[in-house]
Amino acid sequence: CKTCGQRQFLCPGHFGHIDLVVPVYNPLLFNLLYTLLKRICFFCHHFKASRREVEKCVRKLELIIKGDIIAAKSLDLDLPSESSNPEDSDVSNKSSCSMVTPRGNYDNVRNLKPQEWTSLQFAEAKLALLQFLKIETTKCGNCKAKNPRISKPTFGWIHMNGMPHADIRANLIRGCNLGETFSGGEEEKDLGASSDVDAPETHSFNGTFPGTQDTAARRHQKGSGAVPSGFKKQKDLFSGPLLPSDVKDIIEKLWENEFELCSFISDMQQQGFGKKAGHSIFFLGVVLVPPIKFRLPSKGGDSVMEHPQTVLLSKVLQANIYLANAYVNQPDNAKVIVARWMNLQQSVNVLFDGKNAA
Ligand SMILES: [Zn+2]
Ligand SMILES: [Zn+2]
């Protein structure tokens, strides 16, 4: 064996890996990611919920971690009757108090964070989180911007469905412009970095995306009125596929801006992913290939059947090569690249599906 220098029958076998040309979604967490994404504002990169709702969810999760599930549940009953409590005559004082009290305990709670969640804690935390995430709005309760609706045309792929013109106009009137934050320059670098293909090729590929119009619009903006170009920008950016690299960017910013709540999400998903994983758990850049001895071909009569996992792995490998070729040979053909990216995603989905079935 070239890797360990042992003779063939002594070599334990080694794990290999396939470096993906682009990141794909982790199929095991795709549904959670999609639910999360529907709750994110693409303008201010916070949850679309109001600060008060976010705060409430964090408090609830903190109480669950402390083991006080009754108090956590009572938060739902608490809030509406806040001002009708006769004990506290000073209403303004009370409302600030309810924000301050859990903050005081906050450091303790962090230290108390259990290494392992009990199943009851896990179930309650999941419920609290889903309750928070299930509310669907297009309008951001934080910056008031209107967001596009997203959909999943198929498992493992996300689409933006455009925005009504009235919503775009409302955004522009309100001053909700897409800064440098969404898509645009950073993303090109991002994609280049996560890709094994030479940077110039990926760069020109990105040129075919709204990114170019984006920079053109920005340039235009300086000369003439800002409204028409800003309009076009939101119109173009918010329809079409939302690629895993875009989503990665969006999720990264959310983790920065909403760290308290997001760290709970990381914690709850940590099983098997390592503690420091954070938002990276939602994406895959590498596919592990188990040693051959775990996927030996089966012989039936005079025919030899490859192990099912070997078949699925070779599909991932093939899809990855197709996509890499598209970057090299048709760098300007966004349609082909997106189609092959989607194909790669699907091959990974099937691989994970097969693993679960086995
Ligand atoms: Zn070896
Ligand atoms: Zn917002």
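The values are calculated or read from the model by the stated rules, or taken from the named source; none is laboratory data. Just so it is clear, the model here is predicted, and its values are computed rather than measured. As a convention, Cβ positions derive from the backbone with ideal geometry for all residues, glycine included, and neighbour counts pool all protein chains shown.
Contact list please: Cβ distance under 8 Å, first residue in region 286-301 and over 21 Å from D19 (Cβ atoms), second residue of a type in the set (D, E, K, R), pairs at least six apart or on different chains.
Listed by first residue and then by second, the contacts come to P297/E306.
Considering only residues that are part of a strand (DSSP E or B) and within 16 Å of ligand 1 (Cβ to nearest atom), look in region 1-47 and name the one that is nearest to M163 (Cα to Cα). Lay out the reasoning, then the answer.
Going through region 1-47, the residues part of a strand (DSSP E or B) turn out to be 16-25, 40, 47.
Filter again for within 16 Å of ligand 1 (Cβ to nearest atom), leaving 16-17.
Numbers: G16: 44, H17: 40 Å.
The selected residue is H17.
Just give me the residues in region 302-340 being of a type outside the set (A, V, I, L, M, F, W, C) and either without any contact (Cβ under 8 Å) to a residue 12 or more places away in the chain or assigned to a strand (DSSP E or B) (or both), in sequence order.
Within region 302-340, D302, S303, E306, S314, N325, N329, Q330, K335 qualify.
Consider region 4-34. How many of its residues are among the polar types (S, T, N, Q) and either under 23 Å from L351 (Cβ atoms) or surrounded by 19 or more Cβ atoms within 10 Å (Cβ to Cβ) (or both)?
The total comes to 2.
Taking F30 as the residue in question, decide whether it is of a type in the set (F, W, Y) and under 18 Å from E256 (Cα atoms).
In short, no.
As an exercise: evaluate K56 against (1) within 16 Å of ligand 2 (Cβ to nearest atom); (2) surrounded by 19 or more Cβ atoms within 10 Å (Cβ to Cβ) and give the number of the one condition it does not meet.
(1)
Are there helices (runs of 4 or more DSSP H) fully within region 205-279 with at least 3 residues that are of a type outside the set (F, W, Y) and at pLDDT below 80? List them.
On the way: elements: 210-223, 226-237, 244-257, 259-269.
So the answer is 210-223, 226-237.
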